[in-house]
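Notes follow the structure.
Laboratory data are not the source of any read-out in this text; all were calculated from the coordinates shown. These numbers were taken from a predicted model, which means no experiment stands behind them. Don't worry about glycine lacking a Cβ; one is built from the backbone with ideal geometry, like all the others, and counts go over all protein chains shown.
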Amino acid sequence: MMAVMQAYRFALDPSPAQARDLQRHAGAARYAFNWALAAVKANIGQRVAERSYGVADQDLTPAVGWNLPALRRAWNQAKPAAAPWWPQCSKEAFNTGLDAMARALRNWADSKSGKRQGKRVGFPRFKSKRNTTPSTRFTTGVIRVEADRHHVTLPRLGTIKTHESTRKLARRLEAGTARILSATVRYQAGRWFCSFTVEVTRPQRRPARPYEVIGVDLGVKSLAVLSNGHVIDNPRHLVAGLRRLRRLSRRAARQIGPHDTKANVRRTASKNWADTRRALGRAHARVSNLRRDSLHKLTTTLAATYGTIVIEDLNVAGMAKNRLLARAIHDAGFGEIRRQLDYKTRWHGGTLIVASRWFPSSKTCSDCGATKPKLRLSERVYTCENCGLVLDRDLNAARNLAALAAQHNVAGSGPETSNARRANQKTPSVGQVALKREPGTATADQTGTVHAQARTASHGISQD
Ligand SMILES: [Zn+2]
């Protein structure tokens, strides 16, 4: 048995009064966030000013603590004056905002000191009503899924009807294999959702075919292509959703938006544009839900069946800038499929191998190993000039990924193979690090075949 954290999300059907209550709680969270930011900024300003008058360090106004307990203490002192309406809302609502502020401050400080990797984090900014997703997180009090499987109960908000059945979670709770740790209500795409963070105890399983390797290439036209030749098509309603999305974005482009592209200035957007934007938001949410659903079905089957799964690592953050719609959504799928496979292979006791993003899975011939210097995205069929192989582009890529794993297991043997059990364990080889950091060198090193790469240990595999 193993304990894992899992999220269960249900759409809600609140009554008008409950919807107002939900909104009020989310507003309280935002209010507390902005209040804490103002307090921290005023405190910094005060101390700077005092220093400039020559006040000694020990006589300065004490610094406001940036951690959650300190912010909470300050808030509790200030709330009777700052928010006399505070008793209307659960204290969890204010806590949500204060917690978000504490984390924002820590991220900023860590980013500044170099403790935090990645993109630089700016100093927190005030949350406007318009640009915030209304949400509140509950960690204490009565958080319950009702026995009728169509209601949830939250502190202060009471019992709210759910749009869909809660049976999946309810069954686990009744069987005693799940424990609710927190609940978050959030307003997204025109509807309230409640997401439960749950600790679930599940039996350790084994994949049905523990010694089989499968390469997965996420397609643009299809959902995915597997190295065994299996093609998983996009569900039809997803295709329809995409079509609607394209139509709406064309419409929005024709209407008067907030940015005048010709004169390159801001202007007042038309009401029609705002309407289209709202419809576009709903269509986006629908497409991403459908896509996530079909990815869930795919990854569950994969993790339950194959011992080793190989996918490609793509630079999702970098590719999100791509303006082609189908392409952008396809790229968003990469992050999601990887996230899902990561935990599902762990549940099922399988291995996830993520090929380095510089591994030329599309450009390499899966039969003879020759690589092409260039392969346009429009070329849907791979034709090898070396051995004459003619194969669907995505299938060719999927086969290369699968082959990579097989060679990795043989060549790498020993420690790496045993480490490969844990998909979340970072075991980068020297070669892989070099590959990831210097794409130019990596391509120069490659002698044209996958096999040669494996021999030099620069086989472009990362297990993370
Ligand atoms: Zn070939």
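Going by average Cβ neighbours within 10 Å, how do the peptides 127-136, 145-154 rank, with the highest at the top? Mind showing how you got there, number by number?
Working: 127-136: 14.4, 145-154: 18.0.
By packing density, highest mean first, the sequence is 145-154, 127-136.
The charge dipole of region 29-175, taken about its Cα centre with unit charges on the Cβ of Lys, Arg, Asp and Glu (plus for the first two, minus for the last two), comes to roughly 600 debye. Once the Cβ-Cβ distance of R282 and M5 is raised to the sixth power relative to R0 = 25 Å, the FRET efficiency obtained is 0.25.
Rounded to the nearest angstrom and listed largest first, the equivalent-ellipsoid semi-axes of region 139-280 from its Cα gyration tensor are 39, 31, 13. Taking the inverse of the mean reciprocal distance over all distinct Cα pairs, the Kirkwood hydrodynamic radius of region 1-203 comes to 19.0 Å.
Projected onto the charge dipole of region 1-203 (+1 at Lys/Arg Cβ, -1 at Asp/Glu Cβ, origin at the Cα centre), which of A175, F193, A81 gives the Cα projection farthest towards the positive end? Sorting the options by dipole projection puts first F193.
Compute the FRET efficiency between T153 and Q77 as 1/(1 + (r/R0)^6), taking r as their Cβ-Cβ distance and R0 = 30 Å, and round to the nearest 0.05. Can you show the working numbers first?
On the way: r = 31 Å, r/R0 = 1.04.
That gives a FRET efficiency of 0.45.
Between T300 and S52, the C-beta separation translates, for a Förster distance of 45 Å, into a calculated FRET efficiency of about 0.15. Distance from the C-alpha centroid of region 332-358 to that of region 241-262: 34 Å, rounded to the whole angstrom. Were the residues from T61 through E146 laid out at 0.36 nm apart, the gain over their Cα-Cα distance would be 25.6 nm. A protection proxy built from the mean count of other Cβ atoms within 10 Å ranks the segments 289-302, 111-124, most packed first, as 289-302, 111-124. Of the peptides 80-90, 354-364, 48-58, the ranking by mean beta-carbon count within 10 Å, highest at the top, reads 354-364, 80-90, 48-58.
Model label points for S128 and E199, set 7 angstrom from Cα along the Cα-to-Cβ axis, are 4.2 nm apart.
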